[in-house]
Amino acid sequence: MSQLSKMHHSRDQWKHKAKQRGKGERYERREKARIKAERDQITQALKASEARVRELETRLHGLATRPKVDVVHVALQLFLEARISFRAVSRVLALLALALGIRKAPCAQTIINWVLRLTIVRIDAARTVRGVPLDPAPFTNGLIWMIDISIGLGSGKILAVLALDAHHHQRESGAPALHHVHCIGVAVADSWTGERIAALLGRLIATMGRPAAYLKDSGSDLHKAVAVLEDDGLGSPCLDDISHAAAGMLKRTYQHHPAFERFVSACGRVSGKLKHTLLACLAPPTVRTKARFMNVHRLFTWADRVLQLSPPGGAKRGSLLAKLRGALDDLPDCKALIKRFQGDAGALMACQEILKTRGLAAATVAQCAPLIDTMPTVAIGQEFRTYLAHQLGIATTLGLAHVGVPISSDAIESLFGVGKRHGVGETPDAARIALRLPAFCGTPTREEAEQVLGVSMGRQHEFTAACTSLTQQRREVLSHPGRLASLAREPDSPHVELIPRPKKWAKNGVNLYTKKRYGNDNGTPLAPPDESTVIENAGPPVCERRALTS
């Protein structure tokens with residue numbers, strides 16, 4: 001190859017390389033320009049977004065970035081008053097976080113902790129609860145204590161004591177409700193006898209003073225407890241709940257009535273024939289067998305209304321009326337019983353509405369007299385008059401005959417119902433229910449929310465550590481079969497006991513049950529001292545919590 005050819009070849013290679021290099025550099029310059037433009041665009045968008053975020057934060061702070069105490073207050077109101085679950089409260093707060101000024105919605109477990117701490121706060125404050133003083137009963141705290149026992153899942157039975165101002169009907173226009181009462185004591189034990197109930201009430205009296213009266217159902221154990229306190233010099237008048245009293249009157253009259261069992265059996269058969277048919281909407285309501293006469297009037301009301309759907313005369317074959325008549329079984333033969341029972345129960349229900357709403361007083365008893373006269377069964381009317389006269393005598397003793405004394409314990413029944421169905425999940429454990437019952441009484445306030453935040457996690461753990469739930473026991477035993485014996489408990493040991501107690505119990509304790517008898521020189525006993533001069537509250541009271549399990 002000549003020198004000239006070599007030079008042309010080298011030049012062509014150089015030109016090719018230069019073109020390739022220039023092409024890459026031009027591509028790189030275009031990419032750099034594009035990237036720079038995109039970077040500038042992204043930078044501007046970022047600055048705009050940051051400005052928007054700052055604007056929204058400014059608006060959020062301007063609306064109200066709520067303090068934590070307000071979040072606690074709202075959460076407690078949603079759970080205790082709106083009656084939604086813990087998870088639902090968390091979801092509602094998350095949904096309304098921007099509108100409410102909440103940065104982060106609390107989780108369900110946090111809300112559970114707040115409810116438990118509210119229980120601690122209210123048990124601590126229970127010893128300060130006082131009612132309006134009663135002149136005829138000057139050595140009492142002016143409160144009526146409602147007492148009742150209920151059961152949950154497990155071996156324990158729940159005993160609750162609620163305090164209600166004796167002048168409730170003078171200060172409020174309606175019947176006592178949950179927001180009118182204060183839970184001053186809750187305990188769970190395997191069984192409750194009159195002596196054990198009296199011992200618990202004695203400890204409450206040592207801290208809070210003697211109540212003006214007790215309000216209870218007709219249970220024998222509660223009656224025995226009041227009698228034991230009376231023997232120990234700590235007695236107070238005892239009011240009987242009007243709902244249980246009326247149910248007892250109906251039970252004594254109709255339980256052994258020859259047509260009553262026939263009527264109940266007929267209702268059961270009618271229910272089986274109507275369910276899963278076009279007439280299922282006419283099926284009778286469910287009436288529990290325990291405490292049947294508390295709501296058996298619903299069954300009679302249903303029967304009367306269903307029988308009205310079948311007027312006298314023929315019915316076309318295959319029609320709905322014919323099908324209904326074929327499903328009524330022996331119900332038409334019970335018309336006399338239905339009419340009689342409705343007359344008695346209707347009058348009692350009307351009297352209950354008057355007395356529950358306005359209280360038992362001379363005026364309300366007189367208002368019930370015409371209703372009692374309309375009862376078909378004279379014996380029930382006489383028994384109800386005797387009951388009203390006895391309760392009115394107690395109201396007169398307390399100086400409330402002109403005002404109206406509370407005669408219904410529906411509030412404590414409602415407390416048990418709410419506690420068993422709200423916030424317990426699939427396992428209504430009696431101990432867990434008891435830990436939350438004080439939180440359901442009253443209306444949560446902002447001051448209580450502040451006190452909830454003041455309860456430390458250590459104190460909450462101390463409060464609940466000894467209370468083992470059934471879920472925890474199930475997990476432990478099923479995972480470790482050898483630990484079955486760990487479920488055994490010491491006899492007569494309480495599962496849970498939440499009561500206010502005085503500070504330094506050993507120093508301030510007073511033996512409430514000792515009756516010392518002094519004698520003369522000749523050995524004859526002296527007259528017993530006047531028990532009205534006994535000082536019941538010695539020493540400064542303070543609240544202390546106790547939760548015990550094995």
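Values as computed for the structure displayed
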{"read-out": "Debye, to nearest 20: dipole size of region 90-232, +1 on Lys, Arg Cβ, -1 on Asp, Glu Cβ", "value": "860"}
{"read-out": "Per-pair calculated FRET efficiency, R0 = 35 Å: Glu172 and Arg87 via Cβ, rounded to 0.05", "value": "0.55"}
{"read-out": "Mean-position separation - Cα centroids, region 117-193 and region 291-307, in angstrom", "value": "32"}
{"read-out": "Debye, to nearest 20: dipole size of region 193-314, +1 on Lys, Arg Cβ, -1 on Asp, Glu Cβ", "value": "740"}
{"read-out": "Cβ-based charge dipole, the chain, positive-most Cα from Thr374, Thr301, Gly346", "value": "Thr301"}
{"read-out": "Computed lengthening from Phe139 to Arg262, 0.36 nm per intervening residue step minus Cα-Cα distance", "value": "38.9 nm"}
{"read-out": "Linear extension gain, Thr386 paired with Thr128, 0.36 nm per residue minus alpha-carbon span", "value": "89.2 nm"}
{"read-out": "Relative contact order (percent, whole number), region 240-298, Cα cutoff 8 Å, 6+ residue spacing", "value": "39"}
{"read-out": "Translational D in µm²/s for region 191-257 (Stokes-Einstein at 10 °C, 1.306 mPa s, Kirkwood Rh from C-alpha pairs)", "value": "122"}
{"read-out": "Bridge type composition, the chain - antiparallel percent by DSSP, nearest 5", "value": "75"}
{"read-out": "Surface accessible to a 1.4 Å probe, Arg446 within the full protein complex, Å²", "value": "90"}
{"read-out": "Axial C-alpha extent at least 24 Å, average Kyte-Doolittle at least -0.5 - helices from the chain (DSSP)", "value": "108-125, 335-358, 378-398"}
{"read-out": "Accessible area (Å², per residue) of the chain, counting only protein heavy atoms and a probe of 1.4 Å", "value": "54"}
{"read-out": "Where GluC sites (Glu not before Pro) fall in DSSP loop in region 392-453, at most 15 other Cβ within 10 Å", "value": "Glu426"}
{"read-out": "Sequence-distant aspartates and glutamates (8 or more away, or on other chains) whose Cα lies within less than 15 Å of Lys23", "value": "Glu31"}
{"read-out": "Interchain or long-range residues, amide H under 5 Å from Gly442's placed H", "value": "His179, His180, Val181"}
{"read-out": "Flagged links, alpha-carbon separation over 31 Å, of Lys157/Lys339; Lys216/Lys273; Lys216/Lys275; Lys275/Lys356; Lys251/Lys275", "value": "Lys157/Lys339; Lys216/Lys273; Lys216/Lys275; Lys275/Lys356"}
{"read-out": "Sequence ranges 153-161, 452-460, ranked by mean other-Cβ count within 10 angstrom, highest first", "value": "153-161, 452-460"}
{"read-out": "Among [x] 1.51; [y] 2.05; [z] 1.02, the entry that matches Cα Rg over 2.2 N^0.38 Å as calculated here", "value": "[x]"}
{"read-out": "Region 274-426: C-alpha gyration tensor shape, a/c 1.5 cut-off, then a/b vs b/c", "value": "oblate"}
{"read-out": "Highest-first arrangement of 397-409, 315-327, where packing means the average Cβ count within 10 Å", "value": "397-409, 315-327"}
{"read-out": "Heavy-atom accessible area ranking, 1.4 Å probe, most first, across Met294, Met146", "value": "Met294, Met146"}
{"read-out": "Efficiency of FRET between Asp12 and Arg34 - r from beta-carbon atoms, R0 22 angstrom, step 0.05", "value": "0.10"}
{"read-out": "Amide proton proximity set for Leu239, modelled H, under 5 Å, gap of 5+", "value": "Tyr214, Leu215, Lys216"}
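The values are calculated or read from the model by the stated rules, or taken from the named source; none is laboratory data. Bear in mind that the values here come from a model prediction, so they are computed numbers and not experimental data. For neighbour counting, all protein chains shown are included, and Cβ atoms are generated from backbone atoms with ideal geometry for every residue, glycine included. When the accessible area is computed, the model is the full protein with side chains, heavy atoms only, and any ligands, DNA or RNA have been set aside. Shrake-Rupley method; radii C 1.70, N 1.55, O 1.52, S 1.80 Å.
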